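First up is the structure itself, then whatever we jot down about it.
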Amino acid sequence: MTAAGNDRAHRTILAVWRNEQPRLITSLARMLRDVPLAEDLTQEALLAALEHWPATGVPEKPGAWLMATAKRRALDHLRRGRMVARKHGMVALDFAQEQQAMPDFDAALDDDIGDELLRLIFTACHPRLSREARAALALRMICGLTTPEIARAFLTPEATIAQRIVRAKRTLSESGLAYETPRGEELSERLASVFEVVYLIFNEGYTAARGDDWLRPQLCNEALRMARVLTSIASQEPEAHGMLALMELNASRMAARTDAAGEPILLLEQNRALWDQLQIRRGLQALGRARELGGAGGFYALQAAIIACHTQADTADATDWPRIAALYAELASLVRSPIVELNRAVAVGMAEGPAAGLALVDRLAHEPALKNYHLLGSVRGDLLHKLGRFEEARAAFAAAAELAGNRREQDFLRRRAAEAGIAARSA
């Protein structure tokens, strides 16, 4: 195979892998009762695909090929570990009769959640792990993000994220924390971390950190499904409904966020006729439920209220920017986050003018967490462009493009830099 053909095969493999990884890990974790081991064996399946597919071609059913390969390695591990004959026989039978879709009575007995992927997240969010480690581990296993990409998501050094993931996997392995369904207080004390992970999964689908596509709809859909399950598990928890509202309202705009070629379309330029009105109604209903439960000021409910302002405006010009800016100020008083402050600067720039927004952005310029955050330069470039400071805008957009990890965002920011450069020469 030529170098170009080999490169295409590798890209195809990685694209398949991104979609199949969560299902592989959940299936193996169910078999082995060991989450870190399940991840290791799925990585072995990926290596096998990278070794064989460039020469033999991508199988007709690549997901099934990966699953079969991963399960064979799991069975080999069980044999090497000399598991008791009964357990070994049950796993082997499950593998041999997989296509017959036999009911899993064992799962029905010990799974109150009723969702294998969500159960995996509850396992990864064990209280013995730090909050940051829980989210990092889940993003690694479920989204397939690399350590640098997770570091960008948390605005944290790569070495720190790598240590968190290694320690989390070691804790899960050494402490005997099995693939499990927590109950009662144990379930409740994990909810906040589970909410965080599910929403981070949605965000990765909504604006992908890497790759050639700006959106990963499959991740958004998985996160939405899990959020709906969570509102059943924690029906009296306002933040469960607030998170679902936020995700539903954001997802309602998915069809309008890219053009036919997959290029990003900014919010104010989107065709609002493409926004999903049924999904907007569902989101507003969930937001109403969060408020009924006393959670109007919650982290997710406040963000949902911000998005509701957009979805309830018939046109971009009708957007209630002063209201959005006020909601961001309330959110900023709830959580200390430079990203929230950056978003508030955007809203202030729309409500009070670009000079007011730029003043807030410039205060964030020396925030260590935003040092390599491409959206800081993107927002600053946009405000400078509106102020007619085109050469400064060009430089800001160009610098942001260098920091962006997603190809679509890189291309978009480079186009904006070029437009600003043309404007500067014409001024």
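Among the residues of region 354-381, how many are in contact with a Leu (Cβ under 9 Å, 6 or more places away or on another chain) and without any contact (Cβ under 8 Å) to a residue 24 or more places away in the chain? So the count comes out to 6. Of all residues in region 327-341, those that are surrounded by 17 or more Cβ atoms within 10 Å (Cβ to Cβ) and within 19 Å of L246 (Cα to Cα) total 5. Among the criteria (1) without any contact (Cβ under 8 Å) to a residue 12 or more places away in the chain; (2) within 27 Å of A305 (Cβ to Cβ), the one E392 does not fulfil is (2).
Listed by first and then second residue, the pairs with beta-carbon distance under 7 Å, at least 6 apart or on different chains, first residue in region 1-15 and at pLDDT 75 or above, second aliphatic (A, V, I, L, M), are H10/L50; T12/V58; I13/A49; I13/L50.
If you check D115 against the conditions, is it surrounded by fewer than 12 Cβ atoms within 10 Å (Cβ to Cβ), within 30 Å of E196 (Cβ to Cβ) and at pLDDT below 75? Against the criterion (surrounded by fewer than 12 Cβ atoms within 10 Å (Cβ to Cβ), within 30 Å of E196 (Cβ to Cβ) and at pLDDT below 75), D115 does not qualify. Which residues, counting only those in region 281-334, are of a type in the set (F, W, Y) and closer than 18 Å to Y199 by Cα? If the condition is that a residue be of a type in the set (F, W, Y) and closer than 18 Å to Y199 by Cα, then F299, Y300 are the ones that fit. On the given criteria, is G205 within 23 Å of R33 (Cα to Cα), among the small types (G, A, S) and touching a helix residue (DSSP H, G or I) at 6+ places or on another chain (Cβ under 6 Å)? Taking the combined requirement at face value, the residue does not satisfy it. Filtered by the rule that a residue be in contact (Cβ under 8 Å) with a residue 40 or more places away in the chain, assigned to a helix (DSSP H, G or I) and either within 23 Å of D212 (Cα to Cα) or of a type in the set (A, V, I, L, M) (or both), region 255-279 gives L267, L268, E269. Being aromatic (F, W, Y), more than 15 Å from the chain's Cα centre (by Cα) and outside any helix (DSSP H, G or I) is a condition met by at least one residue of region 176-198.
The values are calculated or read from the model by the stated rules, or taken from the named source; none is laboratory data. Computed from a prediction, not measured in an experiment: that's the story for all the values here. Cβ: placed from backbone, ideal geometry, glycine included. Neighbour counts: every protein chain shown.
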